[in-house]
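Chemist: Could you have a look at this structure, given as structure tokens, before my questions?
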Amino acid sequence: MELAAIILGGPFLAFVLLGVIAPLRRSGRPAAYVSIAGIGASLAASVALLLRFQANPEPTTWEFLWAPLTRSPSIRFGVLLDGLSVPMLVVVSLVAFLVQIYSLGYMNAERPASLGRYYTFHSLFSMAMLGLVASHNTLQTYFFWELVGLGSYLLIGFWYEKPEASRAAMKAFWTTRLGDVGFALGLIFLWSAGGSFVFAELFERADTGELSGTMLTLGVAGLFLGAMGKSAQFPLHIWLPDAMEGPTPVSALIHAATMVAAGVYLMARISPLLGHTPHVAAWVLTLGTLTAFLAATMALVARDVKRILAFSTISQLGYMMAAVGAGGAIASIFHLTTHAFFKALLFLAAGSVIHAVHTNDIFEMGRLWKKMPITGVYFLVGGLALAGVFPLAGFFSKDEILITLWSGGHSIAFWTLLVTAGLTAFYMFRAFFVVFFGEREFQGHAHESPAVMVGPMGVLAVLAVAGGALGPGIARLLERSISVAGHHEASHAGLAALIPYLGTAAAAFGILVAWLGYQRRAFRPEAIRKAAGPLVTLLERRYFIDEIFLFFYRVLYLGLGAVVGWIDRYIIDGLVNFVSWATWQVAGYLRRVQTGRAQDALYAIAIGFLLLVILAMRG
Amino acid sequence: MTDVVFWILAPLLVICALGVVLSRNLYRAAYWLAGALVTTAVFYLALTSPLLAAVQILLYTGGVLTLVVFALVITASTDDKERWRRPMPAGVLALLVFVALASVIDRMGVAGSAQGGLADGTAIGVELFTRYIVPFELLSLLLLGAIFGALAIARREDPS
Amino acid sequence: MTLERLLFLSFVVFSIGLFGVLARRHVIALLLSLELMFNSVNLAILAVAWHNGWLEGVILVLFGIAITVAEVAVGLSLFLLAERIRGTVIVDDLSELKG
């Protein structure tokens, strides 16, 4: 338990120190060291926790009473350390640690005060993400969920002088907020029907049937809505490509490895409930598959290397969601872990390139292999892992997902994701060849990145290569935590044995096409692009989803606002004005009673007197 | 004594009252009022209160009426050319009030008369200076205020 | 000379005075009618006091007279001022406090 305190407390302490002590924050590099120390402590404690857990894999919970209630069960907060949260803590703290070190090199052009602010936000985010992972109930998860969103907002909009960055940060916040409304509703439904926020208790009650029916379905659906927002599932994926306005290390951490993974993590956490709600699970599967495919198509035409990676992330998240929907939560988490490694690696490598050439556009780059060989190797490793080439990590995890789908009988999803794998390989290597090889050489000076940037990449590269071996270990840990309900044991028998080969074939095909098109110039991709004009436009404009959202915003939201405003001005104010006008009118008449002539008042007195006498007599 | 006195004085009073209200000439109206006041003084006598009779004549008739006559002289207005202003509603209302009041008498169920001696001046004086000393003093204040008020209001402005 | 008759009488005079107050145009005429009303009330009070032997009645009437005197004094001085400034003795024309 004390380890848990260190894990969560490290970044929290760093955040508080940097937040409160302004001179420390403004000093730049010392602030960075404080933050790195915080997350470093987390990492060490997480690894220690993992080792201890492997020796004694019993989930432990530590609770405290947060809101004592009398007529309902009190609200307790707590830390849950089990086979799902412990490895995740390691992943999160590791990637965060590496990214923070990398940032020392990447953000070297920042003013010290800016740098301090950057690391303060990093500590905030790390604390929130780790808290989210370790939460033992939905309400606490929600708190940290929101904090994570805040960290994301602050970091995306870090260069706030750039209007695109501010807009992107707002877009991210609003889109995830939309999902968060669903999250809040979902957790309320679960609490109302299930009587608790605590995951373990909800699972029990779902198993006994105490928690079931519409409320359960709505609750799980609500939580999935939140996951859709955070994990950029269609159609709430629109914020992720724009979020690339933030610094590349931020993209690596938040939008590849951790925050976007929170949605998948949540779904994996509640996978026992998903087992009881097949409708929602089917929905999750469908949306995940759709997201994976659409995002891959959008990546085909992108020019900005970070955008390509962003679409790729959305696509891979779709894979993970589909797996959860199909009951393969273990496969999903496995892929989440490997994805964290190789996607972060890819982002950091891309960042390395961007840092050197000062542009994001791949077509302005070329033949960088000679000048930045180390980065090139890392990019290649990441790309191979992403494409799912044996024996890198991505192969195993993607494979597991495909197998899960196949043995669950979801053939449409299976074939779609298989095709998507091919597309993935293609777009990834399109980028690789154009950037590092190609015909045109990059005009300008480019040099390899400093050790502080290369080092973290190296660590990730190793993990990307060797991560496949973690598979069985992770599975063992997870099995004890994610209860059996809703989890299919993926069978490797029968036709399923072919799947690894199919996957590899798809990847190879994709790489081959990319090579032919961009390296060998066997055909001209530009011509295809021109020929498929409308299709390309559709993809470049991201299926016009942004426009649809904008339409809803303008017409419905602002329109409704205009209507309400009109009602307010003319009807409500009109009513008030009418009352005022009526008062004036009546007053105008009534005042004529005061004639100023004494005898008229005397008449009134006399009449009053008469009435009094009459009344006195009656009474 | 009683009935005869009443039946002589009562019509007298009523006639004087009518005279006040109906006279066109204001001096005449003032004299009619004097008549009514004096008649009332005689009533006070009949009701065994010579003190009040004296006060009535001295203060009321002698004082008030003198003031009124002075005012009439100063403003040099004697005639009220058109006497009435909407006499009908006034008459009706006065009649109604009278009827209302008169019916009160009916319900009072007054019977007999146990007249008492109200002539004891000493007793009145004692009461005035013991139990009713406070109103007495307040009254003197009121009179003081009235004097100064009247002076202040109607004073002619100094031409200088 | 019964109480009833006395009260009846005083109410008659009261009503006559009321008529005069409401219907006369000249200010002084109004004041005279008002005096008539006060007078009738004094008579009524004394009549009740006489009937029951209450000495307080005398005191009450005494006070009433004194107050009336004060009121007339002030009222007349107001009349003089009004006549001087506005030049009219008609009640209706003194109507500056109108709404």
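Chemist: Given the peptides A:141-150, A:329-338, A:103-112, arrange them by the average over their residues of other C-beta atoms within 10 Å, most packed first.
Modeler: In descending order of packing, they fall as A:329-338, A:141-150, A:103-112.
Chemist: Roughly how compact is the protein assembly as shown, stated as its Cα Rg over 2.2 N^0.38 Å to two decimals? Intermediate values should be presented prior to the final figure.
Modeler: Working: Rg = 52.1 Å, N = 878, 2.2 N^0.38 = 28.9 Å.
Here the Cα radius of gyration is 1.80 times the empirical estimate.
Chemist: For a quick check: with amide H placed at 1.01 Å from N, whose amide H comes under 5 Å from A:N137's, ignoring anything fewer than 5 positions away on the same chain?
Modeler: It is A:G78, A:F199, by chain and number.
Chemist: Between C:K98 and A:L178, what FRET efficiency comes out of the Förster formula 1/(1 + (r/R0)^6) with R0 = 56 Å and r the beta carbon distance, rounded to 0.05?
Modeler: Efficiency computed from Cβ-Cβ geometry: 0.25.
Chemist: Give me, ordered by chain and number, the residues 5 or more places off A:F390 or on other chains with an amide H under 5 Å from its own placed amide H.
Modeler: Amide H to amide H, under 5 Å and 5 or more residues apart or across chains, A:F390 pairs with nothing.
Chemist: Say each of A:R524 and B:I105 gets a label point 7 Å from the Cα, pointing the same way as Cα to Cβ; how far apart are those two points in nm?
Modeler: Once both label points are built, they end up 13.0 nm from each other.
Chemist: Residues of region C:82-99 with the amide nitrogen closer than 20 Å to a label point 7 Å from the Cα of A:L590, along Cα-to-Cβ, please.
Modeler: Output list for this probe position: C:97-99.
Chemist: Kindly give Rg over Rh for region A:270-318, based on alpha-carbon atoms, with the Kirkwood expression for the hydrodynamic radius.
Modeler: 1.18
Chemist: Roughly speaking, what is the stretch gain from B:D120 to B:V14, that is 0.36 nm per residue apart minus the C-alpha to C-alpha distance, in nm to one decimal?
Modeler: Once the chain is fully extended between B:D120 and B:V14, it gains 35.2 nm.
Chemist: Between A:F390 and A:H358, what FRET efficiency follows from the Cβ-Cβ distance if R0 is 22 Å, with the result rounded to 0.05?
Modeler: So the FRET efficiency works out to roughly 0.05.
Chemist: Which of the lysines could a cross-linker span from A:K530 if the Cα-Cα distance has to be under 25 Å and same-chain partners fewer than 8 positions apart are dropped?
Modeler: A:K306
Chemist: A further question on this structure: Mind scanning A:K162/A:K343; A:K230/A:K370; A:K171/A:K370 and naming the pairs with a C-alpha gap bigger than 32 Å?
Modeler: Going by Cα-Cα distance, A:K230/A:K370; A:K171/A:K370 fall outside the 32 Å limit.
Chemist: I've got another one for you. Using the beta-carbon distance between A:L498 and A:A469 and R0 = 22 Å, what value does 1/(1 + (r/R0)^6) give for FRET efficiency, to the nearest 0.05?
Modeler: Using R0 = 22 Å, I get an efficiency of 0.45.
Chemist: Which whole-number percentage describes the relative contact order of chain C, with Cα contacts under 8 Å and a sequence gap of 6 or more?
Modeler: Averaging sequence separation for qualifying contacts and normalising by length gives 26 percent for chain C.
Chemist: Take A:A44 and A:N577, extend 7 Å from each Cα along the Cα→Cβ direction, and tell me the distance between the two endpoints in nm.
Modeler: 7.2
Chemist: Can you tell me the order of A:507-513, B:29-35, A:393-399 when each peptide is scored by its average per-residue count of other Cβ atoms within 10 angstrom, highest first?
Modeler: Answer by packing, highest mean first, reads A:393-399, B:29-35, A:507-513.
Chemist: Excluding residues on the same chain fewer than 8 positions from C:K98, give the lysines whose Cα lies under 28 Å from its Cα.
Modeler: B:K81
Chemist: What value, in deg cm²/dmol to 500, does the helix sum -39500 (n - 2.57) over DSSP H runs of n ≥ 4 give at 222 nm once divided by the residues of chain C?
Modeler: One gets -28000 deg cm²/dmol as the mean residue ellipticity at 222 nm.
Chemist: To continue, here is another question. Give me the inter-chain shielding for A:600-606: mean count of other chain Cβ atoms within 10 Å, whole number please. It would help to have the intermediate numbers written out before the result.
Modeler: Numbers: counts 6, 1, 8, 6, 0, 3, 10.
That works out to 5 on average.
Chemist: Would you compute, from DSSP H runs of 4+ residues alone, the mean residue ellipticity of chain A at 222 nm, taking -39500 (n - 2.57) per run and dividing by the full residue count, rounded to the nearest 500?
Modeler: -23500 deg cm²/dmol
Chemist: Next question. Roughly what would the spin-label model give for A:T537 and A:S114, points 7 Å off Cα along C-beta, in nm?
Modeler: 3.8
Chemist: Sticking with this structure for a sec: Just subtract the alpha-carbon distance of A:E547 and A:S72 from 0.36 nm times their residue separation and send over the number in nm, one decimal.
Modeler: 166.5 nm
All of the numbers you see were taken from the coordinates with simple rules; none came from a lab. Just so it is clear, the structure is predicted and the values come from calculations on it, not from any experiment. Note that we place each Cβ from the backbone using ideal geometry, even for glycine, and neighbour counts take in every protein chain shown.
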